[in-house]
Amino acid sequence: MVLSIGERIKGFLFSPSDTFDASMEDTVGDAFKYYVVILAIYAVLSAIIVAVAFSLFAGILGTFGVRTMTFGAAMGPLVAVGVFVGVLVSGIIGVFIGGLWLHIWVYLVGGRNGIEETIKAVIYGMTPSLLLGWIPVVGFIAGIWALIVEIIGVRQLHELSTGKAVLAVIIAIIIPAIVIGVIWATFIATMPGPVFQGPTGPGFGGF
């Protein structure tokens with residue numbers, strides 16, 4: 001049984017376990033077509049939000065007498081187009097890189113059904129984030145929701161226990177987070193001191 005895009009959206013949002021079971025025969029190509037559609041929706045909504053934010057920003061500055069109407073009118077659409085293209089490109093590249101990275105850990109915990117199944121789990125797991133992630137506050141909840149759906153996908157498509165699926169996904173998230181944290185902490189620690197002395201520094205007031 002081939003599910004429509006609408007049926008997949010509803011299924012991965014509200015009954016992911018059954019929907020992953022129904023998607024066992026899907027190819028990566030089938031999953032990718034679905035992903036491009038919901039990614040494009042997310043990209044459009046994100047671009048609209050950016051355009052509206054630019055207009056509001058220009059209007060706020062205008063109330064203080066700053067002439068920004070031309071700037072806002074010109075830059076808003078350009079930035080919106082940039083956001084749309086950036087979201088599409090980064091989303092397409094990122095889902096395959098993320099799938100490859102996750103598959104390393106899925107394989108180590110016993111997943112043997114192939115990287116294609118891991119990529120499908122990542123793609124279908126993105127459903128809540130791509131449909132709701134553009135909404136402030138709700139986006140955070142959607143991110144957690146997507147994580148749960150991805151874990152269910154890894155479990156169902158690789159026929160693993162819930163514990164092993166959770167372990168694979170959590171490790172795949174924690175390791176990059178630790179690396180980024182260490183790099184950021186190192187950067188902060190190696191930053192030079194302030195260039196300018198404060199008012200109590202040597203030479204202030206001619207002394």
Check on Leu88, within 26 Å of Leu56 (Cβ to Cβ) and touching a residue at least 40 places away in the same chain (Cβ under 8 Å): yes
Residue list for segment 103-141, restricted to those being within 16 Å of Glu159 (Cβ to Cβ), surrounded by 14 or more Cβ atoms within 10 Å (Cβ to Cβ), among the aliphatic types (A, V, I, L, M) and in contact (Cβ under 8 Å) with a residue 60 or more places away in the chain: Val106, Ala121
Leu39 vs. criteria assigned to a helix (DSSP H, G or I), aliphatic (A, V, I, L, M) and either modelled with pLDDT under 95 or surrounded by 13 or more Cβ atoms within 10 Å (Cβ to Cβ) (or both): yes
Selection within segment 2-27 - in a helix (DSSP H, G or I) and surrounded by fewer than 18 Cβ atoms within 10 Å (Cβ to Cβ): Ile5, Gly6, Glu7, Lys10, Leu13, Phe14, Ser17, Asp18, Asp21, Ala22
Filter result for the condition that a residue is over 12 Å from the mean Cα position of the chain (by Cα) and in a helix (DSSP H, G or I), over Ile123, Ile92, Ile152: Ile152
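Provide a single number: the residues in segment 1-58 that are of a type in the set (S, T, N, Q), in contact (Cβ under 8 Å) with a residue 24 or more places away in the chain and under 30 Å from Pro77 (Cβ atoms). Talk me through it step by step, then tell me what you get.
Going through segment 1-58, the residues of a type in the set (S, T, N, Q) turn out to be 4, 15, 17, 19, 23, 27, 46, 55.
Of the ones still in play, those that are also in contact (Cβ under 8 Å) with a residue 24 or more places away in the chain are 17, 19, 23, 27, 46.
Add one more test, that the residue is under 30 Å from Pro77 (Cβ atoms), and what stays is 46.
The total comes to 1.
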Failed condition for His158, given (1) of a type outside the set (A, V, I, L, M, F, W, C); (2) surrounded by 19 or more Cβ atoms within 10 Å (Cβ to Cβ); (3) free of Cβ contacts under 8 Å to residues at least 60 places away in the same chain; (4) more than 29 Å from Gly110 (Cβ to Cβ): (4)
Among the residues listed as Leu56, Leu45, Leu78, the single one being modelled with pLDDT of 80 or more, over 30 Å from Asn113 (Cβ atoms), more than 21 Å from the chain's Cα centre (by Cα) and part of a helix (DSSP H, G or I): Leu78
Lone unmet requirement of (1) of a type in the set (Val, Ile, Thr); (2) closer than 15 Å to Leu13 by Cβ; (3) in contact with a Phe, Trp or Tyr (Cβ under 7 Å, 6 or more places away or on another chain) for Ile119: (2)
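The values are calculated or read from the model by the stated rules, or taken from the named source; none is laboratory data. Not measured: the values here are computed from a predicted model. Here the Cβ is made from the backbone with ideal geometry for all residues, glycine too, and neighbour counts use every protein chain on show.
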